[in-house]
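What follows is a short report on a single structure.
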Amino acid sequence: MAKTQVNLQSSWYLYKRMWSYMSEYWKRFVFSILAMVVAAATEPAFARVMKPLIDNFGKQDKFTLMMAPLLVMVIYLVRAIASYANEYLTNWLSGSIVEKMRGMMFRRMLRLPVQYYDDNNSGRVISRIVFDVTQITEAGFNIVTVTFKDGVTVLALIALLLYTDWELTLFCTVTLPFVLVLIRVLSKRLRKLSRGNQEQYGEMTQIITEAVQGQKIVKLFGGQQYEEKRFATAVNAIKTNNVKQAATSSLNSGVSQFLVACALAMVLYFAASKSKYGHFTAGDFVSFVTAMIMIFAPMKRITNASQSLQKGLTAAESVFSFLDNTEEVDLGQNNLNGVRELIRFNNVSFKYPSSERNVLDQLTLDIPVGQTVALVGSSGSGKTTLANLIPRFYNIESGVITIDGIDLKDIKLNSLRDNIAHVSQDTILFNDSVYNNIAYGVNHSVSEEQVIEAARFANALEFIEQLPEKFNTEIGENGTRLSGGQKQRLAIARAILKNAPILILDEATSALDNTSEKLVQEALDKLMKNRTTVVIAHRLTTVLHADKIVVMERGRIVETGQHNDLLAKNGAYAALFNVQSNWH
């Protein structure tokens, strides 16, 4: 899959691109930063208040003894207001960016080529939209908090320490290089672990999705233990990875705090020595130690920020690589207004990226306007692939496909697909009402009467009227509350309502009982009238009256004709028909 060639490993590029999404919210962002700075400034202010309070403790300085407690109350009131404003704005900004990026990812997902879904794990696609985007914003705002709030707090406390006793403060900074080296070494490991964590979450999501979608097969074939084992393996991998991340982060935090504690121990020793000579008052000592202790919490968050940063950068790498996938190529300039003459395949060859041989090999076929052309042959002969090329789900490697002489590549994709309706044996319905499933995609351009008429035309109105809420009945995920025949008739009603001139039927009656098949076939016969229809058939009895039957083998056409003519030839079609007749 072609992607925009960008060095996604560049942390600076990733971080710059992450924050480009903040531009439209810059006023709120600036205000949240100011609130952070105000909240951060209250910590050294509190430490500074300790000096006059301790120095005058036991003395009769009523002004100091009254003002110091009052200042403490004011400091914490300001801190509470600033912290509330910061938390509110940060969560609003985070939620807005998640909403924006998820919207972008979902739009891109809907416009990716079919080949992308053939090549990629659906669970990983889902986890990118659900999980990775959240990690970007969580990590991003964590870093902002560390950069501004904790950074300002640490700098302000260091300034207070320098003001109180610059010699002791400089002595404490000898541990700083060791902390920085530690952060750099452990950051690389955290980035690697975060990348693995995302892959594991994608695998877990895939297992859950498959277990939900295939729950009947799991039950019938006794696959519970197998699925439980797969899930347990995936969950265990996530747990192990999380433990490794936590251990690495804890090592980073623990060693950093130990180094700070060493500095604090030395301060206590030298401060005690200085106090003997009166160079260091009790107020100085308490103020200095309070500031030193208060540095611990922001320093811990700063050292732990490495884990959040690596998670965020790894998530950004995943999200941006997804957003940079190329959408379906659409260079068409022409609009299509039905079929007036024919659809022509001229010397068409096609191969899937994973295939060793051509699925279609120099295939030539004419599908005249208004006719029904049936594609038959063994599995793997290329029938479905041929049908999928008409709406340009895939792009051919050689040859040309035209409608009325216009190359499909020169027709706008939306216009091309507006002229095509599709009904398959694997009916796709949505967890929505009956009405919305029939009117899917055209809700705003059709009337209620048209929807009801389409349902009647598809032999669906009778069963719909018997549902609890009729057309407003929710049908469940992929129509689980309906029978197979009912689902097929809804799909046919949807195709009828679209009223497209080109119709593709992919074995639309193969999985139905006789009664349902009769109703569905009647609906299909109505639908096929005056339409250019391509029918993919496994059961040859469903295409006896087709205008043209095309027999395919290994991507080539070996016979064409009508049913009786092909039987008379006693060739490939006759062999297929005799096998099915004997089987039945």
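The values are calculated or read from the model by the stated rules, or taken from the named source; none is laboratory data. Nothing here was measured: the structure is a model prediction, and the numbers come from that model. Positions of Cβ are generated from backbone atoms using ideal geometry, with glycine treated the same way; all protein chains shown enter the neighbour counts. Side chains included, ligands, DNA and RNA excluded: accessible areas come from the protein's heavy atoms. Shrake-Rupley method; radii C 1.70, N 1.55, O 1.52, S 1.80 Å.
Structure data summary
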quantity: Simple spin-label estimate for A247 and N578 in nanometres, 7 Å along Cα-Cβ; calculated: 6.9
quantity: Spin-label model distance (nm) - R340 vs E227, 7 Å beyond Cα toward Cβ; calculated: 5.4
quantity: Exposure of T240 as accessible area (Å², to 10), given a probe of 1.4 Å and all protein chains; calculated: 60
quantity: Zone of Y352's modelled label, taken as backbone nitrogen in segment 385-402 under 20 Å from a point 7 Å along Cα→Cβ; calculated: 385-398
quantity: Per residue, in Å², the accessible surface of segment 435-546 once ligands and nucleic acids are set aside, probe 1.4 Å; calculated: 48
quantity: FRET E, pair A265, W12, Förster distance 35 Å, beta-carbon r, rounded to 0.05; calculated: 0.40
quantity: Accessible area (Å², 1.4 Å probe, nearest 10) - K409; calculated: 100
quantity: Mean accessible surface per residue for segment 348-411, computed with a 1.4 Å probe while every protein chain stays in place, in Å²; calculated: 39
quantity: Partners for K470 among aspartates and glutamates (Cα-Cα distance below 17 Å; same-chain residues under 8 apart left out); calculated: D432, E448, E449, E453, E462
quantity: Most to least accessible of F430, F463 (protein chains only, probe 1.4 Å); calculated: F430, F463
quantity: Pairs beyond 24 Å (Cα-Cα), from K16/K311; K383/K569; K412/K526; calculated: K412/K526
quantity: FRET efficiency, 1/(1 + (r/R0)^6) with R0 25 Å, evaluated for I293 and F258 via beta carbons; calculated: 0.95
quantity: Accessible-area composition of segment 409-450, carbon plus sulfur, in percent [1.4 Å probe]; calculated: 43
quantity: Largest to smallest accessible area among F320, F131 [probe 1.4 Å]; calculated: F131, F320
quantity: Among the listed pairs K409/K548; K100/K498; K229/K487; K351/K518, those beyond 29 Å (Cα-Cα); calculated: K100/K498; K229/K487; K351/K518
quantity: Length gained when the stretch E87-D410 is fully extended (0.36 nm per residue, less Cα-Cα span); calculated: 111.0 nm
quantity: Where labels lie 7 Å past Cα in the beta-carbon direction, separation of D361 and V78 in nm; calculated: 8.3
quantity: Calculated FRET efficiency for the pair S483/Y25, C-beta based, R₀ 51 Å, to 0.05; calculated: 0.55
